[in-house]
1. Shielding by partners for B:55-61, please: the mean number of other protein chain Cβ atoms within 10 Å of each residue's Cβ.
2. With a 1.4 Å probe on protein heavy atoms only, work out how much accessible surface A and B bury together, total over both chains, in Å² to the nearest 100.
3. Within the accessible area of segment A:1-43, what % is carbon and sulfur when the probe is 1.4 Å and the other protein chains stay in place?
4. So what's the back-of-envelope 222 nm ellipticity for the protein assembly as shown, counting only DSSP H runs of four-plus at -39500 (n - 2.57) apiece and dividing by all residues, rounded to 500?
5. Does segment A:1-66 come out rounded, prolate or oblate by the C-alpha gyration tensor, with a ≥ b ≥ c the root eigenvalues, rounded set by a/c under 1.5 and, if not, prolate when a/b is larger than b/c and oblate if not?
6. Within 10 Å of each Cβ in peptide B:166-177, how many partner chain Cβ atoms are there on average? Round it to a whole number, please.
7. I'd like the Karplus ³J(HN,Hα) series for segment A:97-108: coefficients 6.51, -1.76, 1.60, θ = phi - 60°, whole numbers in Hz, and an x wherever there's a Gly or Pro.
8. I'd like the mean, over residues of A:114-123, of how many other protein chain beta carbons sit within 10 Å of each residue's own Cβ.
Amino acid sequence: MTIDWAIVELAIPLLFAGLYTTVRICLLSIVLGAVLGFVLGLAAFSRSAVVRWSVRGYVDFIRGTPILIQIFLVYFALPGLGINLSEFWAGVVALSLNAGGFIGEIVRAGINSVERGQSEAAKSIGMTGRQVLIYILLPQAMRPIVPPLTNELVNLIKGSALLSVISVYELTRAGQAIISTHFVPFEIYFLIALYYYVVISAVAYLSRLLERRLPVW
Amino acid sequence: MVAVAAPNGATPLLAVRGLTKRFGNRVVLDGIDLTVTPHETLVVIGPSGSGKTTLLRCINRLEQPDAGTVAVGDERIGERDGRPASETYLARQRSRIGFVFQRFNLFSHLTALDNVAIGPRRVLGHARRAAREIAAAQLERVFLAEHMDKRPSQLSGGQQQRVAIARALAMDPQLFLFDEPTSALDPELVAEVLDVMRDLARGGMTMMVVTHEMSFARQVAHRVIFMDAGAIVEERPPEEIFTAPREERTRRFLAHFLR
Ligand SMILES: Nc1ncnc2c1ncn2[C@@H]1O[C@H](COP(=O)(O)OP(=O)(O)OP(=O)(O)O)[C@@H](O)[C@H]1O
Ligand SMILES: [Mg+2]
């Protein structure tokens, strides 16, 4: 097998343009997903059973359906609701809704992992359930949350490749465009894999740094 | 509510009536009646599993009793005007009952000062500065002025338990509940905690103390209750119960400690 180096040279900058979009989408989605996830994770401890069951239902739906289908649902359902988003933003919304479900579960589990004596002590000085959650449990849950949260970011980056199906010009889509004109699938897919790998490794590295800096009590 | 007279005739600060708790079909508290008068120190002793911890936890509603009532002053805990109290109201009632745990349960993400300040700040609604001033004063009271900025993991067990006492004191409680406050401590650290408790008792705090420190009970308690199998077996002043226990079960239990 011979490698077409000319195409590789041509592809590198084009793929960078796609990677830029991938990174932007993933950053936006992880931030929005984290906001949604923390809201859901805290709401899982609501006193209202309706709220708790709604959270449960949402998380189960996100975990129990393929992300590809979720992307299509958002992409095709939003215009029906009178919301017209570009492919880019439809992609961000879909990934955020997906990440939010998973992060909600991560936050819930993190809060649950805090030792029971902590919330009992907080109650004993007169804190309400909400105060216990905000001032005592959530701060202590941050460290156990970081590793699974990074894992979720990694999943999000991988999942963003699926946005190519709704023509978001991200890394995978950019590669496919090159393939369709030059027909060099191996070289391009290998390059794409390399790009993803580098980004994901960087994320993993940063997460380990962050984890080390978070205090152990 | 009709005030029930305590043994010495004073109106009780704490009145427990018919308190019953089951875990599954196991009766852990079997209709407990007891009172504590203002400024009194009541010590509760009894074998492991007799229900001492559960009794304290039912008093401040960390555990929901199956039957019976708990009144502090003229308020029934967990009730408001005869109906079940809202969560916020119950939290308010709890804030006036100090609770000291066997395992300290300090907030591990906060310094000693913040452990004590967080109650005045978040529950009593004081400004940050005022809350910290209260906290500093209470930490001084338990001789921890030099350790305010340390986290629980940097403190010895005895210091942690004293921070826990300061944390409860900062809420200005009417009543103090202690659940074996020294039994998780190394022997050489027990005295510093008992000293603080003794000072509190001498200062007129109303206290209910579960402990196996019999010399503390002898010196500090006004009354001692011996519990077994979820019931009160014997209830008498320390000088009597330790020297001449009436019940065979009390005698057998005390024999382990007083030889
Ligand atoms: N949450 C719970 N669920 C089920 N059983 C419980 C629970 N808490 C306590 N028990 C049981 O209730 C009984 C009384 O327990 P409790 O902790 O009140 O005893 P104790 O007198 O404090 O004992 P110790 O001296 O060992 O602390 C024990 O048999 C215990 O196993
Ligand atoms: Mg106990």
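The values are calculated or read from the model by the stated rules, or taken from the named source; none is laboratory data. No experiment lies behind these values; they were computed from the predicted model shown. Ideal geometry is used to build each Cβ from the backbone, glycine not excepted, and the neighbour counts take in all protein chains shown. For accessibility, only protein heavy atoms count, side chains too; no ligands or nucleic acids. Shrake-Rupley method; radii C 1.70, N 1.55, O 1.52, S 1.80 Å.
1. Working: counts 0, 0, 2, 0, 0, 4, 2.
Mean shielding count: 1.
2. Numbers: alone 12310 and 12410 Å², together 22660 Å².
The contact between B and A buries close to 2100 Å².
3. Working: 1930 of 2430 Å².
Here it works out to 79 percent.
4. So the helix-based figure for the protein assembly as shown works out to -17500 deg cm²/dmol.
5. On the way: a/c = 7.29, a/b = 3.09, b/c = 2.36.
Prolate shape, in that a/c is at least 1.5 and a/b is the bigger ratio.
6. Mean partner shielding for this stretch: 1.
7. Computed from phi, the couplings for segment A:97-108 are 4, 5, 4, x, x, 5, 5, x, 5, 4, 5, 4 Hz.
8. Values: counts 2, 3, 1, 7, 5, 2, 7, 13, 7, 9.
Mean inter-chain Cβ contacts per residue within 10 Å come to 6.
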